[in-house]
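Step one of this worksheet: look at the structure below.
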There are 2 protein chains.
Amino acid sequence: MSSFVASPLCGLTLAQLGADVIRVDPIGGAADIKRWPLTDGHNGAPAGTSIYWTGLNKGKRSVTTDLKSAEGQSLVQRMVVESGPGGGILVTNAGGRDWMSHATLAALRPDVITLELVGGTDGSPGVDYTVNAGLGFPMITGPTQHAGVVNHVLPAWDVACGLYASLVITAAVRRRDQTGQGARIRLALEDVALSIASTLGYLTEPQVNSHGRRGTGNDVYGTYGTDFVTSDGGRIMIVALTQRHFGDLVDITGTAEAVAALENALKVDFSSEAARFIQRDTLTALFARWFAEHTTAEVEQALKTTSVLYQRYRTFDDVAAGGGLSAHPLFETLEQPGVGTFLAAGMPAAFDGEHYFTGPAEELGSSTSP
Amino acid sequence: MSSFVASPLCGLTLAQLGADVIRVDPIGGAADIKRWPLTDGHNGAPAGTSIYWTGLNKGKRSVTTDLKSAEGQSLVQRMVVESGPGGGILVTNAGGRDWMSHATLAALRPDVITLELVGGTDGSPGVDYTVNAGLGFPMITGPTQHAGVVNHVLPAWDVACGLYASLVITAAVRRRDQTGQGARIRLALEDVALSIASTLGYLTEPQVNSHGRRGTGNDVYGTYGTDFVTSDGGRIMIVALTQRHFGDLVDITGTAEAVAALENALKVDFSSEAARFIQRDTLTALFARWFAEHTTAEVEQALKTTSVLYQRYRTFDDVAAGGGLSAHPLFETLEQPGVGTFLAAGMPAAFDGEHYFTGPAEELGSSTSP
């Protein structure tokens with residue numbers, strides 16, 4: 001009983017770890033069945049299949065039923081409670097229904113594990129983009145001279161929420177193995193975001209310091225890292241965390257004398273990460289000339305010989321182009337009905353060198369019993 | 001043996017779930033011991049304590065030792081292999097050392113579980129910002145007229161990597177409970193990012209469609225959602241996923257006639273999510289007038305009565321201001337030596353209504369045996 005990102009990602013992740021996962025939808029599918037991106041017919045597969053839905057529902061069986069009917073509700077209950085000793089698990093972002101509440105299911109199977117995903121802490125609706133707006137990140141993202149807010153593109157809170165969900169299900173299953181005890185778990189997308197923002201210090205700073213974090217554009221906070229433009233318009237992200245990284249960056253850009261003169265004149269010590277961050281604009285201006293005078297290929301060639309952390313900015317097309325993923329151990333060919341044949345990633349963790357993969361997403365309703 | 005974000009977040013998350021976690025560092029601390037943000041002395045606590053380090057290492061014991069000495073290495077080995085039946089777990093982002101390799105530890109304890117976190121798939125160094133640059137997201141983030149790239153501020157891949165790490169450790173522990181088998185796990189930050197980008201379709205689009213995702217600024221892709229400015233300069237994120245949300249937005253902005261006229265003239269049907277996305281610029285221009293003519297308070301008051309998903313953009317200071325977190329069940333008062341007393345979040349998932357909390361971070365080296 002899952003839709004959109006977080007709840008389906010939980011099911012997919014558990015499927016990658018070997019679980020038998022069934023996604024239950026109303027007849028015709030949930031609100032995400034035609035969610036963009038859709039196939040555009042470019043590769044001969046039919047246009048209009050949701051790449052989003054099929055991507056998030058790989059390796060699951062699909063059952064549809066009339067969730068408003070007593071028969072449909074009873075079917076869902078039986079699927080949860082009669083699913084064997086390792087089963088008895090319900091994950092849903094469509095909670096608040098008595099017929100599939102923890103209490104109802106626990107009356108039928110005392111060791112049931114339920115996980116209800118909600119938006120706001122108070123159970124109010126909320127999605128990644130509203131949660132993120134409320135939390136501070138869009139206020140400090142993007143060019144510092146940009147007056148507006150900048151939303152993230154990656155639904156990072158949905159992703160974190162889906163991973164927390166798969167973690168707490170796994171932890172609850174282990175506890176049940178040991179004690180026989182079920183679990184009633186609730187996870188709010190807003191709480192995921194608040195917890196991470198607290199742990200990373202963003203919500204601690206305004207409580208203990210004079211103010212919270214301000215924007216630093218593309219500069220990495222508290223160390224030396226930023227992006228440069230090359231002579232052919234390429235962009236390169238550079239991160240110099242350690243003194244060695246920084247020394248190599250100074251060497252390669254031929255700025256050793258200028259940097260030393262700056263240290264003297266400003267009475268700062270660039271062996272300190274903090275000093276490198278505080279003086280970053282001046283340092284960046286010094287380094288930028290070298291990048292602007294070399295092509296992307298020359299820059300990459302030169303950086304390769306150093307300890308500096310760097311990466312050319314690429315588009316998604318760049319990443320997928322030239323069969324670059326075909327030799328990648330994380331990717332396997334997937335034949336997804338309605339989408340075509342492409343390389344799809346498995347579980348990022350490798351167990352004894354092996355990534356776990358699932359099959360494609362089942363077509364909606366394929367596993368519904370006649 | 002963890003530093004920076006991903007590996008320490010794994011340990012913190014397992015500590016929140018009840019694990020006894022010991023962070024081992026070289027004498028004097030790892031490279032992240034003074035990582036910004038630091039306390040600024042504003043609240044009477046000493047200036048210069050890392051809010052970052054203490055935040056990520058809550059609830060762990062801290063042991064320091066000379067990792068280059070045989071004694072130090074032997075101590076770490078013994079801590080892993082002699083840690084009781086539920087122990088025998090090593091998580092590290094400082095792998096590649098023979099004395100703490102999986103093979104070495106498995107020779108001492110066959111059921112040991114090791115997790116090595118690396119940067120690039122090939123084991124090359126890589127951090128969140130370089131991985132992200134290589135993957136496509138900064139190319140499509142930020143205002144569409146902005147020529148440059150926009151880095152995310154939240155280290156989303158580090159966070160996802162830390163959560164995957166805690167998941168696979170938990171899954172490996174459960175397997176060991178059942179089979180007695182240990183596990184050698186490897187997790188690359190780059191693979192985390194590639195896997196999520198694949199699952200969400202970003203790496204599938206360029207393989208099966210005519211091109212990969214293009215930027216849409218603050219507009220949510222494939223549906224109707226964007227940000228508006230109010231008469232007093234507030235900013236509000238609006239998401240209208242369903243026809244009902246959209247109808248309410250049209251009603252509240254008093255644009256029903258204009259929207260209907262547009263539907264007729266353009267021969268589109270706004271009951272389709274896709275049509276709302278395709279025509280979003282025109283719709284946004286229509287709706288924007290109502291937002292510009294009302295204060296933030298008026299806008300929030302009006303939206304409250306509708307189904308529309310909305311959220312005012314806030315700063316981190318706004319979130320922490322006015323004691324708003326003190327009544328929040330996810331937050332508890334934490335006394336963190338060196339930082340002061342503040343509200344810190346626990347595990348976002350609630351088990352039977354209860355969030356799990358840890359104590360503060362131990363001072364570096366506090367649990368080192370004399």
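Just so it is clear, none of the values below were taken in a lab; they were calculated from the coordinates. Since we're looking at a predicted model, the values are computed, not measured. Quick reminder, even Gly has a Cβ in these numbers, built from the backbone with ideal geometry, and neighbours come from all protein chains shown.
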Output ³J(HN,Hα) for the stretch B:220-235: one whole-Hz value per residue in order, computed from phi by the Karplus curve 6.51 cos²θ - 1.76 cosθ + 1.60 with θ = phi - 60°, and x for Gly and Pro. 5, 6, x, 8, 9, x, 6, 10, 10, 10, 8, 5, 9, x, x, 10
Based on DSSP H runs of at least 4 residues, each adding -39500 (n - 2.57), what is the mean residue ellipticity at 222 nm of chain A after dividing by all its residues, to the nearest 500 deg cm²/dmol? -10500 deg cm²/dmol
Going by average Cβ density within 10 Å per residue, which order do the peptides A:200-208, B:286-294 take, highest to lowest? A:200-208, B:286-294
If one computes the Cα centroid of the stretch A:128-180 and of the stretch B:144-210, what distance in Å separates the two points? 13 Å
Rounded to the nearest 5, what % of DSSP beta bridges with both residues in chain B are antiparallel? 55 percent
Would you mind listing the distances between the A:ALA107 label point and the same position in each other copy? Use 7 Å along Cα-to-C-beta, nm, one decimal, shortest first. 6.1
Kirkwood estimate for chain A, i.e. one over the average of 1/r between Cα atoms, Å: 24.1 Å
Label point 7 Å beyond Cα along the C-beta direction, distances from B:ASP40 to other copies (nm, shortest first): 4.7
The ³J(HN,Hα) series, computed from each phi in the stretch B:344-354 with the Karplus coefficients 6.51, -1.76 and 1.60 at θ = phi - 60°, rounded to the nearest Hz and given as x for glycine or proline, is 10, 7, x, 5, x, 6, 10, 9, 6, x, 10
Amide H to amide H, which residues 5 or more places from B:THR65 or on other chains are under 5 Å from it, using H placed in the peptide plane? B:ASP25, B:ILE27
Highest GNM mean-square fluctuation, chain A, Cα pairs closer than 10 Å: which of A:SER210, A:SER231, A:SER272? A:SER210
Counting other chain Cβ atoms within 10 Å of each Cβ in A:140-152 and taking the mean gives 6
Bridge orientation stat for the protein assembly as shown from DSSP, antiparallel percent rounded to 5, came to 55 percent
Provide a whole-number value for the mean count of partner chain Cβ atoms within 10 Å of the Cβ atoms in peptide A:234-242. 4
Output row for A:ASP269: copy-to-copy label distances, label 7 Å along Cα→C-beta, ascending, in nanometres, one decimal, is 7.2
Find which of B:GLY323, A:GLY142, B:TYR164 sits farthest along the positive direction of the dipole of the protein assembly as shown, computed with +1 on the beta-carbon of Lys and Arg, -1 on that of Asp and Glu, about the Cα centre. B:TYR164
Based on alpha-carbon centroids, what's the gap between the stretch A:77-126 and the stretch B:302-346 in Å, whole number please? 28 Å
Which entries in the list A:LYS34/A:LYS58; A:LYS304/B:LYS68; B:LYS267/B:LYS304 go over 20 Å, if you measure between the two C-alpha atoms of each? A:LYS304/B:LYS68; B:LYS267/B:LYS304
Of all the Cα-Cα pairs you can form in the protein assembly as shown, what percent are over 46 Å apart? 18 percent
When you count, for each residue, the other Cβ atoms within 10 Å and take the mean per peptide, how do A:161-173, B:239-251 rank with the highest first? A:161-173, B:239-251
Once Lys and Arg are counted +1 and Asp and Glu -1 for all other residues with Cβ under 12 Å from that of A:ASP219, the total becomes +1
Could you point to the residue in A:THR199, A:GLY182, A:GLY212 farthest towards the positive end of the stretch A:172-212's charge dipole, with +1 and -1 charges on the Cβ of Lys/Arg and Asp/Glu respectively? A:GLY182
Take each complete run of DSSP H in chain A, measure how far its Cα atoms stretch along the helix's own axis, and keep only those covering 20 Å or more with mean Kyte-Doolittle hydropathy at least -1.0; list them. A:156-179
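Just counting partner chain Cβ atoms within 10 Å, what average do the residues of peptide A:41-51 show around their Cβ?
Values: counts 3, 6, 4, 1, 2, 0, 1, 1, 1, 2, 8.
Per residue, the number of nearby Cβ atoms from other chains is 3 on average.
For the stretch A:223-370, go through all pairs of different Cα atoms, get the mean of 1/r, take its inverse, and jot down that Kirkwood value in Å.
For the stretch A:223-370, inverting the mean 1/r across all distinct Cα pairs yields 18.8 Å.
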Among A:43-50, A:127-134, what's the highest-first ranking by average C-beta atoms within 10 angstrom per residue? A:127-134, A:43-50
